[in-house]
Amino acid sequence: MASLESAITGAVASSLANVLVYPLDVVKTLIQTQNKSSGEATVDAEGAGKRETQETRYRNTLDAIIKIIKNRGIGGLYRGLPASIVAGFLQSFSYFFWYSVVRKSFFRLKLLKGKITKFSTPEELLLGIVAAAVSQVFTNPVGVISTRQQTLEGNNKAKFVDVVRQIYKEQQNISGFWRGLKVSLILTINPSITFASYERLKDIFISSSAQSQNDGKLMETSAQLSPAQNFALGFISKMISTLITQPLIISKAYLQRTGSQFQSFQQVLHYLYTQEGFLALWKGIAPQLCKGLLVQGLLFMFKGELTKLMRRLFRYIKANRRARLA
């Protein structure tokens, strides 16, 4: 039940956090996937730019918000929201479920071998990568659909069904729904760094006597912290992982955007470096950090409070059952 509890609270917390900052998600996707010139370059097999098509240019976050509202209306800031919520919920549910399962399995293995049960940083990173990789295989299609909806220009059709048909027609098979999967699997290092950092940083607030081990059990650490502590740790942890993996995040967005001619994340990185310079690998970092840090901070805060709420609810239900049997 604990793994399912972690999956449910994590998925609900993630959905709530993403809804609150969704306009920033749209903005950061558009800024990251625009090219330095006034249009979008298409590429040949070697990755060389060949021709350009006109697209709206965004100078910064505020400029993007103003132009999106002007061109698409207020609804443009929430384009792709349903698909994004579904993708976020499924990905978080899958990630937290498998993260809980693999951590507990490894924890029991260490107990049986009589080893120190507190996880090292490399162990935390490896467990996070395994959980995220399993999650990505199942949730990548919805992520592709959400990114396509966000990057459609003007008033082009952005309905879920229309985008699904468009993706399928491009490849004439379902492989298009797993576009960017390779870089997504590499990006599993992002949540693994986030959660490994969180587990290390929470030692600041939780004494060694109240660590996650308790009578041979692995406890949910977010439920042991206050909302402010969870928010602060989530904020700092996400900052570390985002700064490290930003070039891969941009590559994934480029691969999944509408009309992308890139075939691999290496091709995207090479194009950005040669055409726009080294710093282009971190373009859009401001809205990425703003969105990511808020989401992760809110996610850990909501998850901790939802976990406490669910546990109080379960205790209440058990107490009522005992009272009826008495």
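Observations on the model:
- Packing-based order for 118-125, 292-299, 173-180, using average beta carbon neighbours within 10 Å, highest first: 292-299, 173-180, 118-125
- The stretch 2-325 - Debye-derived log10 I(q)/I(0), Cα point model, q = 0.13 Å⁻¹: -0.97
- ³J(HN,Hα), Karplus 6.51/-1.76/1.60, whole Hz, each residue of the stretch 270-284, x for Gly, Pro: 5, 4, 4, 5, 7, 8, 10, x, 4, 5, 5, 5, 10, 5, x
- Crossing angle, helix 285-325 versus the chain [Cα axis fit, 0-90 degrees, rounded to tens]: 30 degrees
- Unit charges on C-beta of K, R, D, E only; dipole of the stretch 2-325, Debye: 1140 debye
- Cβ-Cβ distance of Ser264 and Arg200, R₀ of 30 Å, FRET efficiency by 1/(1 + (r/R0)^6): the value works out to about 0.35.
- Acute angle (nearest 10 degrees) that the helix 2-20 long axis makes with the longest principal axis of the chain, alpha-carbon atoms: 40 degrees
- Spacing of the two label points (7 Å from each Cα toward its C-beta) at Lys115 and Lys169, in nm: 5.4 nm
- Computed lengthening from Asn71 to Ser3, 0.36 nm per intervening residue step minus Cα-Cα distance: 20.0 nm
- Pairs exceeding a 23 Å alpha-carbon distance, out of Lys159/Lys238; Lys28/Lys70; Lys202/Lys303; Lys252/Lys291; Lys110/Lys182: Lys159/Lys238; Lys110/Lys182.
- Label-to-label distance, nm, for residues given as Thr56 and Gln275 (7 Å Cα→Cβ offset): 2.1 nm
- Spin-label model, Phe160 to Lys318: label points 7 Å out along the Cα-to-beta-carbon direction sit 3.7 nm apart.
- Order by protection proxy (mean Cβ within 10 Å, highest first), peptides 94-102, 63-71: 94-102, 63-71
Bear in mind these aren't lab numbers, they're just calculated from the coordinates by the rules spelled out. Quantities reported herein were computed from a predicted structural model and do not represent experimental measurements. As a convention, Cβ positions derive from the backbone with ideal geometry for all residues, glycine included, and neighbour counts pool all protein chains shown.
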